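Student: Got a structure for you, written out below as structure tokens; questions coming shortly.
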Amino acid sequence: MTMRIAVAVSGRGSNLEALLRTLGPGAPARVVLVLSNRPDAGALARAAEHGVPATVLADAGDPGEWLEWLERHRVDLVVLAGYLKLVPAAVVAKYRDRIVNIHPALLPAFGGPGMYGRRVHQAVLASGAPESGATVHLVDEHYDRGAVLAQARVPVLPGDTPEGLAARVLAAEHRLLPAVVLAAAAAGRPVPLPQPVESHP
Ligand code: GAR
């Protein structure tokens, strides 16, 4: 049975694009819905290009609105791909262990409220850490705190800028997130990835 996936977004949607490209016809999982909290999210155009229904939430803090959309589209798994707000607690409760998030650092380091986008990479560089990467984890009621399912590591290189590091991490994200979704589809629920996902600097 095909796993039905909703992808929640706030921005550009390159991780959504990576999923849409991986989950073509015949794949064991399919993106059936894109939810955005922002009407100007570039991800909405990516959904349209792939013919996937997309909606802008009128109130992203309203669990009723979320649940109505997820139920209407019979969603099995919710993927937060650059979704920058908290998912309402009642949605987390109803979809416990069926919501995953991708974060552009090696959690538990460099996560939590306010840690998104460029700020994450700035903090990594300021810390002097020799490596960074991407993490996919289960979503609970707190930012970036649920159980880690998979990580991909990339080196921090001498002279790195936040933008350079972000691009290297993003390339790893585009491999990691589809791998986690395919493993979830095979298992019928999100599961830890047995193997580290290859990453190339
Ligand atoms: C990605 O790097 C994702 O990991 C990050 O936002 C970017 C979205 O890019 N998410 C967070 O920082 C969540 N805390 P995209 O819209 O091109 O997929």
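Student: Rounded, prolate or oblate for region 1-101? Axes are the square roots of the Cα gyration tensor eigenvalues, ordered a ≥ b ≥ c, and the cut-off for rounded is a/c under 1.5. If you can, show how the numbers build up before the last one.
Tutor: Working: a/c = 1.72, a/b = 1.17, b/c = 1.47.
It comes out oblate by the Cα gyration axes.
Student: Sorted by mean Cβ packing within 10 Å, highest first, what order do the peptides 97-104, 64-71, 3-10 take?
Tutor: Working: 97-104: 22.2, 64-71: 16.1, 3-10: 24.2.
Averaged packing, sorted descending, gives the order 3-10, 97-104, 64-71.
Student: If you don't mind, there's one more thing I want to ask. For helix 162-187, report the angle its Cα long axis makes with the longest principal axis of the Cα atoms of the chain; keep it between 0 and 90° and round to the nearest 10°.
Tutor: 40
Student: Enter the accessible area per residue of the chain (Å², integer; probe 1.4 Å; all protein chains in place).
Tutor: Working: 9210 Å² over 201 residues.
In whole numbers, the chain has 46 Å² accessible per residue.
Student: Mind pulling the angle between the C-alpha long axis of helix 63-72 and the longest principal axis of the chain? Nearest 10 degrees, somewhere in 0 to 90.
Tutor: 70
Student: To the nearest 20 debye, what is the magnitude of the charge dipole of the chain about its Cα centre, counting +1 on the Cβ of each Lys and Arg and -1 on the Cβ of each Asp and Glu? Show your work: numbers first, answer last.
Tutor: On the way: 19 positive and 18 negative charges, 58 e Å.
Value, rounded to 20: 280 debye.
Student: Turning to a different aspect of this structure: Whenever you get a sec, compute what percent of the accessible area on region 113-201 sits on carbon and sulfur atoms (1.4 Å probe).
Tutor: About 58 percent, which is the carbon plus sulfur part of the accessible surface.
Student: Against the longest alpha carbon principal axis of the chain, how many degrees, from 0 to 90 and to the nearest 10, is the axis of helix 118-127 turned?
Tutor: Computed tilt is about 30 degrees.
Student: Rounded to the nearest 20 debye, what is the charge dipole size of region 1-56 about its Cα centre when +1 sits on each Lys and Arg Cβ and -1 on each Asp and Glu Cβ? Provide the component values of the computation, followed by the final result.
Tutor: Working: 6 positive and 3 negative charges, 21 e Å.
My answer is approximately 100 debye.
The values are calculated or read from the model by the stated rules, or taken from the named source; none is laboratory data. Just so it is clear, the structure is predicted and the values come from calculations on it, not from any experiment. We place every Cβ from the backbone using ideal geometry, glycine too, and count neighbours over all the protein chains shown. With ligands, DNA and RNA removed, areas are computed over all heavy atoms of the protein, side chains included. Shrake-Rupley method; radii C 1.70, N 1.55, O 1.52, S 1.80 Å.
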